[in-house]
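*Asks:* Before I ask anything, here is the structure I am working with.
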Amino acid sequence: MAIFLTFAAMAGLTFFLTLSATGRLRDRGTLVELAARQRTLAERYLSEVLLRRSGEQADPAAIAAILDESTQALLEGGTAPGVNGDDDETAVSAARGNELRRQLREEAALVSDLTANGEAVLSRAPVSTLPSSGHEHIVTSDPVQRLRVVTALTSAVALNVARTIADSADAGVSSLVVTQVGLIIGGLVVSLLLAAGLIAITRRQTIHFRTLAQSSTDLVAVIGEDGCRYASRSLAAKTGRPEGELLGEGLERFVHEDDRVVLANAASTGEPSAFTFRLRDAAGTWRHLEARATDLRSDRQLRGIVINARDATDRLQLERELSTQAQRDGFASQLSEALEMADEEQEVFDVVERAMLDISEATPMELLLSDSSRANLRRAATHPSAGAPSCPVKSPFSCVAVRRGSAVVFDTSTALNSCPQLRDRPVGACSAVCVPISFMGRSLGVLHTTGPDASPLGSDAVARLSTLASQAGARIGTVRAFEKTQLQASTDGLTGLSNRRTIESQAREVLREGRSFAFVIADLDRFKALNDTHGHEAGDRALRLFAQVTEQAIRDDDLLGRWGGEEFVLVLPDLDRFGALSLLDRLRARLAAAHPGETARFTASFGVADSTQAGTIDEIVKIADMGLYAAKAGGRDRAKIGEPPPATNGAGGDSGDQAEPGEKPPSEPGSRRQRGRATPSLHRAALEEEPPSSGVQIR
């Protein structure tokens, strides 16, 4: 058996090492693919730049962004973006090893230089003054040739990174092989030693068989009509009495009174042949004995019932513990599955309440969670049938369990070291169990329960409460983190408004509902001049101020989003273009009066259209764009209704108002934003199905 267990242990350890090594190799394989992809992306970036320079359709900026984000993901860990038509996003861990990190930093510097050279080639700017972040020495002054050299260097470094990762994986495989060989040899040596030991033990057992039989630890007694006739040495040792005191009626005094009838029946009839009874040992502890009765009354030497018993107390205790542990594991497994299906906090609270009922049907329980300020506690869940113990604690850190970071059991509220929050309760003296709830080291609240005085919950219930607190805290934290991520994905980080994707989705809903609406394009006047004069921080403050003032001026069901740069879009349901003008006049007045001292003064121009002027969103956007053009041409700081273009094309005249240096020129009405739009129009998006789910789930 020992040899078998040794082999099993070695096989299990080998399997574990192989499984873990396989996981690492799979991760390394992913890293190698991602590192090798960098080489392809660098060459693809060169091709995109050359295509764009020759006037073809290309998007080198997107390739540059993927190159940079992938390099940062390899270096610091994170999610590497996918490439359209190639692969999906890939989550990777941070690079390890000084040499690999040095190569990745070199690659990151070369990617930066590659992007800078590509932009210089596209803008036909001189490249002689470009910095060399990667310390490369390029003698050629030809921009295209310089770009090709930087591309080759980047590709070479990416190849070196892939080779370094692959070499690391090969070293891991070699180490695993050596470890497994060592385990096999060690297992064989241990097995041989165990076999030699077993042979020696068998020989000793054979030699001393009679001695062992006479000194057996089995408890043996022979019982006849006159009581106990024989008590073995082991039985005397168990009871702590001499063998003579157990004879006659002496043995009965050590048997539990509830079990004496069973023992008497077995002693008189031999039935039942197998039974269990309790015997008090020398320490006064009741031991559980499993006994077998053999009827030898016909034997002229014995003429009685032979009772052969063994102490099963430890085994029975272990069985009870294993049964209890199995119940705990089942509870934990069911709780985990139930929480996994809870995607909102209230659903988590519902699961917690059902789990409370499973832990104890009659014990008051409550879940107290901190609010957003983390300074106050609120009740989030209550025991469905027993109710809440109504703990008066106000702050998370006023709770001793939260401060200690572990479960606390109070036998009685009258003890000197009991929690102050348990004293002077209407129910009188009580016991309590408090289990803190946390997520990634941050306290979320406490799971609180009370019971009768001096009768707290048992260890099994406390263990289940700890499991509930641990899993509920993890799920609540995960749900909150997911909700925060979803919010960040749908809003503009600077202004807090809906981003372009979100505002398009919202406008799509207005179209599907068939409601009339006004459409407004807003553009901050002379925004580049404001940035150049006062700095980009002033420009950011101006964008935030415009967003805040606009939110205060519009109605609750109006839609506002940042379109990009200094441009904003308003969708005003159930309002025509003339009603929109009135709203915009009030907005301009609010904007003029809202400039705080630290924000440079600025104005905005607005182009207005509505759904009665055209049949598609594309046309409405063009009309609003014309209105914005007219507002810019008319002197800015005003709102103008766009007019549909004439049926026949005519020659455009001079705008009469030149744009500030760096400001987007009004140039040709209706065409300014159409050239820069890379995403589908609102009208086309309205006819599409909702975008498919990204696949991210709370799991």
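*Asks:* Taking the beta-carbon count within 10 Å as an exposure proxy, list His448, His256, His288 from fewest neighbours to most.
*Replies:* His256, His288, His448
*Asks:* On alpha carbon coordinates alone, what is the Rg over Rh value for the stretch 2-185, Rh being the Kirkwood radius?
*Replies:* 1.16
*Asks:* Right, another one. Fully extended, how many nm does the chain gain between Asn265 and Val427 (0.36 nm per residue separation, minus their Cα-Cα distance)?
*Replies:* 53.2 nm
*Asks:* From the backbone phi of the stretch 488-503, what are the Karplus-calculated ³J(HN,Hα) couplings (6.51 cos²θ - 1.76 cosθ + 1.60, θ = phi - 60°) in whole Hz, Gly and Pro given as x?
*Replies:* Whole-Hz 3J(HN,Hα) from phi for the stretch 488-503: 5, 6, 9, 10, 7, x, 7, 9, x, 7, 4, 7, 4, 4, 5, 5.
*Asks:* Could you work out the percent of alpha carbon pairs in the stretch 325-465 separated by over 25 Å, rounded to a whole number?
*Replies:* 23 percent
*Asks:* Per 10 Å bin from zero, what fraction in whole % of the C-alpha pairs of the chain is there, up to the bin with the longest pair?
*Replies:* Histogram of Cα-Cα distances, whole percents per bin: 2, 9, 11, 13, 16, 15, 11, 7, 5, 5, 4, 2, 0, 0.
*Asks:* Another one. Please compute one quarter of the surface area of the Cα convex hull for the stretch 423-524 and express it in square nanometres.
*Replies:* Orientation-averaged projected area of the Cα hull: 13.1 nm².
*Asks:* Mind checking the angle between helix 260-269 and the chain's longest principal axis? C-alpha axes, 0 to 90 degrees, to the nearest 10.
*Replies:* Between the helix axis and the principal axis of the chain, the angle is about 50 degrees.
*Asks:* Taking θ = phi - 60°, what integer Hz values does the Karplus form 6.51 cos²θ - 1.76 cosθ + 1.60 yield along the stretch 105-112, in sequence order, with x for Gly and Pro?
*Replies:* Couplings: 5, 5, 5, 4, 5, 5, 4, 4 Hz.
*Asks:* Something else now. Just want the answer: with Cβ charges of +1 for Lys and Arg and -1 for Asp and Glu, which residue in Ala166, Leu110, Leu50 is farthest toward the dipole's positive end in the stretch 2-185?
*Replies:* Of the candidates, Ala166 comes out farthest on the positive side.
*Asks:* Something else now. Would you mind counting up the charge near Glu48? Only other residues with Cβ under 13 Å from its Cβ, with Lys and Arg at +1 and Asp and Glu at -1.
*Replies:* Counting the neighbours of Glu48, the net charge comes to -1.
*Asks:* With labels modelled as points extended 7 Å from the Cα through the Cβ direction, what inter-label distance (nm, one decimal) is found for Ala312 paired with Thr79?
*Replies:* 5.8 nm
*Asks:* Still on this structure, please answer the following. If you put +1 on each Lys and Arg Cβ and -1 on each Asp and Glu Cβ, how big is the dipole of the chain around its Cα centre, in Debye rounded to 20?
*Replies:* 1820 debye
*Asks:* Taking all pairs of different Cα atoms in the stretch 566-641, averaging 1/r and flipping that mean, what Kirkwood radius in angstroms comes out?
*Replies:* 13.1 Å
*Asks:* Relative contact order of the stretch 322-488, please, whole-number percent, based on alpha carbon pairs below 8 angstrom and at least 6 residues apart.
*Replies:* The normalised contact order for the stretch 322-488 reaches 23 percent.
*Asks:* For Thr485 and Glu243 in one chain, what is 0.36 nm times their gap in residues minus the Cα-Cα distance, to one decimal in nm?
*Replies:* 79.4 nm
*Asks:* Next up: Starting from the amide H of Asp637, placed 1.01 Å from N in the peptide plane, find each other amide H under 5 Å away whose residue is 5 or more places distant or on another chain.
*Replies:* Amide H to amide H, under 5 Å and 5 or more residues apart or across chains, Asp637 pairs with Ala604, Ser605.
*Asks:* Could I ask something else about it? Let's see if you can work this out: charge +1 on each Lys and Arg Cβ, -1 on each Asp and Glu Cβ, no other charges. What is the dipole magnitude of the stretch 2-185 about its Cα centre, in debye to the nearest 20?
*Replies:* Using only the charged Cβ atoms, the result is roughly 380 debye.
*Asks:* Treat the count of other C-beta atoms within 10 Å as a stand-in for reagent exposure and order Cys419, Cys434 from fewest to most.
*Replies:* Cys419, Cys434
*Asks:* Cross-link candidates for Lys528: which lysines have Cα within less than 29 Å, leaving aside residues fewer than 8 places away along the same chain?
*Replies:* Leaving aside lysines fewer than 8 places away in the same chain, those within reach of Lys528 are Lys622, Lys632, Lys640, Lys664.
*Asks:* Check which residues have an amide H placed less than 5 Å from Ser438's amide H, if you skip close sequence neighbours.
*Replies:* Placed amide hydrogens put Leu444, Gly473 under 5 Å from Ser438.
*Asks:* Hey, another quick one. Mind checking the log10 I(q)/I(0) for the stretch 141-187 at q = 0.32 Å⁻¹? Debye, one equal scatterer per Cα, no solvent, two decimals.
*Replies:* The Debye formula, applied to the Cα set alone, gives -0.99.
*Asks:* Quick check on the chain: helices-only [θ] at 222 nm, where DSSP H runs of length 4 and up contribute -39,500 (n - 2.57) each and the sum goes over total residues. Nearest 500, please.
*Replies:* Taking each H run of at least 4 residues, the total per residue is -17000 deg cm²/dmol.
*Asks:* How large is ³J(HN,Hα), in whole Hz, for each residue of the stretch 515-524 in order, when computed from phi with the Karplus curve 6.51 cos²θ - 1.76 cosθ + 1.60 and θ = phi - 60°, using x for Gly and Pro?
*Replies:* 7, 6, 7, 9, 10, 10, 10, 10, 9, 5
*Asks:* What's the angle, to the nearest 10 degrees (0 to 90), between helix 536-553's Cα axis and the longest principal axis of the chain?
*Replies:* Value to nearest ten degrees: 80.
Laboratory data are not the source of any read-out in this text; all were calculated from the coordinates shown. The model shown is predicted, which means the values in this text are computed figures rather than measured ones. A quick note on method: Cβ atoms are made from the backbone with ideal geometry, for glycine too, and the neighbour counts reach across all protein chains shown.
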